[in-house]
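> Below: one structure in structure tokens.
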Amino acid sequence: MKNKLAMTDPVIVYPNWTTDRLTTRMVHLGCGAFHRAHQALYMHLVLEKTQSDWGYCEVNLMSVRNIAIIEALKAQSMQYAIVEKGPSTTALKVIGSMKEAMHPLIDGVDAIIEKMASPDISIISLTITEKGYCIDPVTGQLDLNNELIKQDITTPDTPRSAIGFITAALKRRFERQRPPFSVLSCDNVRDNGHMVRRAVIGLASLQDRKLSEWIEQHVTFPCTVVDRIVPAVTEESTNEMTQLLGKNDRCAVICEPFKQWIIEDNFVHGRPEWELAGAKFVRNVKPFELMKLRLLNGSHSFLAYLGYLGGYTYIADTMDNPDYRNAVRKLMLNEQAMTVTVSEDIDFIAYTDSLMARFTNRALRHQTWQIAMDGSQKLPQRLLDSVLWHLEHGTEHSCLVLGIAGWMRYISGIDEQGNTIDIRDPLKKTFAAIYAKHGLSVGVVEELLAIESIFDKHLANNPSFITAVKLAYQKLLDVGARQAVATL
Ligand code: NAI
Ligand code: CS2
């Protein structure tokens, strides 16, 4: 039986080196599913091709689920598998780019800061989700009301936030006259490099003006665009991976075959040759960023809210419904593409076709619920910026409006069958208070639009936008998401 399985199973490709080969030259904050399937793979591919010794120290700052990954990495000699699944292909690769792993509850806060301050460290990279940057979306500056930031201001030497850890490490490097490092955000946020720069300088300037000046002059924060669909690991996917790998790998991840990484080439203390693994180094990532955030992520959010409400668990299921397919294609080509100004010759039809194919990949069990999470952090860059563009240009944008109404309906916490939805969002309490006041009625629309950290005042005060969202919301109440999508 074992032999029979082995003949049909995909081959597992192992690294031909151990951690001994590696020197920790990068600290990564946020060793989630995405980092394991993306940046760690790019580094691994460079290690396969060259004599490079660049390795990662993995750090998770949050507790519970995230400490388990750090413990598991240590127990697994810092190796784990990536399972790349296309519609009819499976490729298995064991990754060997991680040298060590740390967690504040295992190693202590100070040891992590000391590691980040070590002169060997050239890059601090991050995948800490949108909310991890602790930015006030209205001002674009550090959010001084954020609970973690409040603590980091009071006790800067024992930080809690990622921004606090980076600032504390830079302070040590500054005081000990060590070289600076570069900070590489790999999250789906607008201007991710500039955003993390503002946050770090904002925090440093509250501590020491000389430190913040040194950071401004010496530390770089390259912007990046990252792309690879990596569904959260579930019990079901863990069982599937155990079958494929023949053992339980607690850090393994399933992802799509596609990957993309566009990086602003602005590093102060060296960098790996990620271009050998397919990364593209550019002077300005902006055109790629807008394309990706609006066409891919915007469509993802549209499918997540309206798909979940329509009773679909996975993105690929929503794509089976021709009405959703047509609507999402219309959203990409008729409402998002024109808002993106690209200097390069970009074929939006080909890009849209490739996204449609990726969303249709049934081998990936990408939950609508997962993408629906943290909508308050995602909506502006995915849907709202484009609405502003349309209002300025007087152009049609009914798909965007329905997507926004879908989010409003979703965060009621009650689905179309009356079942509870498990809402995950930093503003969950605000949403609950609004719904407690108005119930499931169009009365919520204006109050939700008044949340300043989500809605730009030009949107919140625009009468035609308000009316359009109210009508779309009412339609969702009257006929449900599937019918509402069909009318697009
Ligand atoms: P995940 O849930 O597996 O991992 C999230 C990581 O962020 C964990 O390591 C956690 O410790 C850390 N984190 C969460 N909140 C934090 C906070 N406030 N401060 C510091 N660290 C915090 O999620 P996954 O899939 O790794 O995605 C993470 C981010 O990567 C996304 O939010 C997105 O920005 C980016 N990304 C994800 C893709 C995907 O398909 N999963 C693809 C492209 C980008
Ligand atoms: C998704 C993204 O979870 C989400 O919000 O839209 O993580 C998406 O999978 C990636 O950006 C693809 O690169």
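> With the requirement that a residue be open to solvent by less than 40 Å² (accessible area, probe 1.4 Å) and acidic (Asp, Glu), what does region 331-348 give you?
Glu335
> If we keep just the residues of region 54-74 that are farther than 24 Å from Ile229 by Cα and touching a residue at least 40 places away in the same chain (Cβ under 8 Å), which is most open to solvent (accessible area, probe 1.4 Å)?
The residue in question is Ser63.
> Shifting gears a bit: Among the listed residues Tyr351, Tyr312, Tyr308, which satisfies the condition of being open to solvent by 40 Å² or more (accessible area, probe 1.4 Å) and either among the acidic types (Asp, Glu) or in contact with a helix residue (DSSP H, G or I) (Cβ under 8 Å, 6 or more places away or on another chain) (or both)?
Tyr308
> Look through Leu476, Leu449 and report the one residue that is among the hydrophobic types (A, V, I, L, M, F, W, C) and in contact (Cβ under 8 Å) with a residue 40 or more places away in the chain.
Every option except Leu476 fails the conditions.
> Does Leu276 qualify as being over 23 Å from the mean Cα position of the chain (by Cα), more than 12 Å from ligand 1 (Cβ to nearest atom) and open to solvent by less than 60 Å² (accessible area, probe 1.4 Å)?
So Leu276 fails the test.
> Sticking with this structure for a sec: Would you call Arg228 among the basic types (Lys, Arg) and within 16 Å of ligand 1 (Cβ to nearest atom)?
It is true that Arg228 is among the basic types (Lys, Arg) and within 16 Å of ligand 1 (Cβ to nearest atom).
> State whether the residues of region 238-246 include one that is over 30 Å from Gln177 (Cβ atoms), within 16 Å of ligand 2 (Cβ to nearest atom) and either open to solvent by 60 Å² or more (accessible area, probe 1.4 Å) or not charged (D, E, K, R) (or both).
Checking region 238-246: not a single residue is over 30 Å from Gln177 (Cβ atoms), within 16 Å of ligand 2 (Cβ to nearest atom) and either open to solvent by 60 Å² or more (accessible area, probe 1.4 Å) or not charged (D, E, K, R) (or both).
> Taking region 81-131 on its own, how many of its residues are of a type outside the set (D, E, K, R) and assigned to a strand (DSSP E or B)?
15
> His28 passes all but one of (1) in contact with a helix residue (DSSP H, G or I) (Cβ under 7 Å, 6 or more places away or on another chain); (2) within 21 Å of His269 (Cβ to Cβ); (3) away from ligand 1 (no atom under 13 Å from the Cβ); which number fails?
(3)
> Let me ask something else. Residues that are at pLDDT below 95, at least 1 per element: which helices (runs of 4 or more DSSP H) completely within region 410-471 meet that?
Correct list: 457-460.
> Here's another thing I want to ask about it. Look through Val64, Val94 and report the one residue that is at pLDDT 95 or above and over 25 Å from Ser182 (Cβ atoms).
So the residue among Val64, Val94 that is at pLDDT 95 or above and over 25 Å from Ser182 (Cβ atoms) is Val94.
> So, one more: Please go through region 261-301 and give me each residue that is assigned to a helix (DSSP H, G or I), more than 14 Å from ligand 2 (Cβ to nearest atom) and touching a helix residue (DSSP H, G or I) at 6+ places or on another chain (Cβ under 7 Å), ordered by number.
Matches in region 261-301: Trp274, Leu276, Ala277.
> For region 398-420, which positions are open to solvent by less than 30 Å² (accessible area, probe 1.4 Å) and over 22 Å from the mean Cα position of the chain (by Cα)?
Cys399, Val401, Leu402, Ala405, Arg409, Ser412, Gly413, Asp415
> Oh, and also: Give me a count of the residues in region 104-120 that are touching a residue at least 40 places away in the same chain (Cβ under 8 Å) and either within 15 Å of ligand 1 (Cβ to nearest atom) or surrounded by 22 or more Cβ atoms within 10 Å (Cβ to Cβ) (or both).
Going through region 104-120 one residue at a time, the tally reaches 6.
Let's see how each residue does on (1) within 16 Å of ligand 2 (Cβ to nearest atom); (2) more than 24 Å from Ser376 (Cβ to Cβ); (3) among the hydroxyl-bearing types (Ser, Thr, Tyr); (4) touching a Pro at 6+ places or on another chain (Cβ under 9 Å):
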residue	(1), (2), (3), (4)
Thr89	no, yes, yes, yes
Lys99	no, yes, no, no
Gly140	no, no, no, no
Leu144	no, no, no, no
Thr167	no, yes, yes, yes
Arg172	no, yes, no, no
Pro179	no, yes, no, yes
Arg190	yes, no, no, yes
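> Take the residues in region 203-233 that are open to solvent by 20 Å² or more (accessible area, probe 1.4 Å) and within 14 Å of ligand 2 (Cβ to nearest atom), then tell me which one is farthest from Leu142 (Cα to Cα).
Going through the qualifying residues, I end up with Val233.
> Where residues in region 279-305 are charged (D, E, K, R) and open to solvent by 30 Å² or more (accessible area, probe 1.4 Å), which of them is nearest to Ile411 (Cα to Cα)?
Only one residue tops the list, namely Lys286.
> Restricting attention to region 368-397, which residues are more than 18 Å from the chain's Cα centre (by Cα) and at positive phi?
Passing the criteria: only Gly394.
> Moving on to the next point. Can you find, within region 26-59, the residue that is farthest from the chain's Cα centre (by Cα) among those that are away from ligand 2 (no atom under 16 Å from the Cβ) and aromatic (Phe, Trp, Tyr)?
So, considering only residues that are away from ligand 2 (no atom under 16 Å from the Cβ) and aromatic (Phe, Trp, Tyr), the one farthest from the chain's Cα centre (by Cα) is Trp54.
> Could I ask something else about it? Looking only at region 284-301, count how many residues are more than 16 Å from the chain's Cα centre (by Cα) and either at pLDDT 95 or above or within 16 Å of ligand 1 (Cβ to nearest atom) (or both).
Number of matching residues: 1.
> Let me ask something else. Evaluate the following for Phe165: is it buried (at least 20 other Cβ atoms within 10 Å of the Cβ), under 23 Å from the mean Cα position of the chain (by Cα) and in contact (Cβ under 8 Å) with a residue 12 or more places away in the chain?
Here the answer is yes, as Phe165 does meet what is asked.
> Out of curiosity, is Leu379 at pLDDT 95 or above, within 16 Å of ligand 1 (Cβ to nearest atom) and part of a helix (DSSP H, G or I)?
Criteria met by Leu379.
> Of the residues Ala101, Ala81, which is within 22 Å of Val27 (Cβ to Cβ) and crowded, with 20+ Cβ neighbours inside 10 Å?
Only one candidate passes the filter, namely Ala101.
The values are calculated or read from the model by the stated rules, or taken from the named source; none is laboratory data. Small disclaimer: the values here were computed from a predicted structure and weren't measured. Quick reminder, even Gly has a Cβ in these numbers, built from the backbone with ideal geometry, and neighbours come from all protein chains shown. Surface areas here come from the heavy atoms of the whole protein model, side chains and all, with no ligands, DNA or RNA. Shrake-Rupley method; radii C 1.70, N 1.55, O 1.52, S 1.80 Å.
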